[in-house]
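The values are calculated or read from the model by the stated rules, or taken from the named source; none is laboratory data. Quick caveat, the model's predicted, so the values are computed rather than measured. Cβ placement follows ideal geometry from the backbone for every residue including glycine, while neighbour counts extend to all protein chains displayed.
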Amino acid sequence: MREMTQQDLADRVGVTRQTVIAIEQDKYSPSLETAFKVAIVLGVPLEQCFQYDPHGKR
Amino acid sequence: MAPSLSYREKSLYASLATELLVYGPFFFLHQQISLNKVAGMIIAIVVLQIILQSIIAALTRNRITDERDRLIELRGYRAGYLTLVSLMVIGLGMLWFHATVDRFPLDSRMVGLHFLSVFFGMLIIADITKTATQIVAYRRPL
């Protein structure tokens, strides 16, 4: 089975590849809608995709 | 994977290059302003933007914009608006000052052109600030 690329994920979620990269690098916090879409596309619970760090840099 | 430029980023770089190319002489060469020159600059920027944006659109396969693009766009417009308002306040303050001390060293025929020059300059600075803010926002955490 082929691994999902950033472009694949971006296309299925409806964002740009640059936004996927920014989310991965913790440079952008997506909206709830986008976060749910990412979790659905990846087939995992939301809390497995995204965690809140109260001591984060931003 | 290294983040290449998105469609919106390419478009912004083209806009900034066009603005600097067309408006640069206005600031750095201190040319005498005239209605014809202002009209020429506006026509030049419209034509150049159409050409460059068409090329970018033709060469970019994925032209979608998303929520991050819209957020960055809003930030750019906010920065541009704040710049414009600040410059307007400063400009009006200076006008008030000159009017108060009665030292407005301009021929009455030149006052109109002077205001055209000043306010056009303010618009240009605000526009460049907007574009530059958006470009920087793409490279920094939001």
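Sort out for me the helices (runs of 4 or more DSSP H) sitting completely within chain A that have 3 or more residues that are in contact with a Lys or Arg (Cβ under 9 Å, 6 or more places away or on another chain), within 9 Å of another protein chain (Cβ to nearest Cβ) and surrounded by 13 or more Cβ atoms within 10 Å (Cβ to Cβ).
Because the criterion is at least 3 residues that are in contact with a Lys or Arg (Cβ under 9 Å, 6 or more places away or on another chain), within 9 Å of another protein chain (Cβ to nearest Cβ) and surrounded by 13 or more Cβ atoms within 10 Å (Cβ to Cβ), the helices (runs of 4 or more DSSP H) in chain A that meet it are A:6-13, A:17-24.
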query = So which residues in region B:19-61 are touching a Pro at 6+ places or on another chain (Cβ under 8 Å) and in a helix (DSSP H, G or I)?
reply = none
message = Within region B:62-96, take every residue that is of a type outside the set (S, T, Y) and outside any helix (DSSP H, G or I) and give me the one that is surrounded by the most Cβ atoms within 10 Å (Cβ to Cβ).
response = B:D66
ask   = Just to be sure, is B:S15 modelled with pLDDT of 90 or more and surrounded by 14 or more Cβ atoms within 10 Å (Cβ to Cβ)?
value = yes
key: Whichever residue in region B:32-61 is within 25 Å of B:L142 (Cβ to Cβ) and of a type in the set (V, I, T) and, among such residues, is surrounded by the most Cβ atoms within 10 Å (Cβ to Cβ)   = B:I56
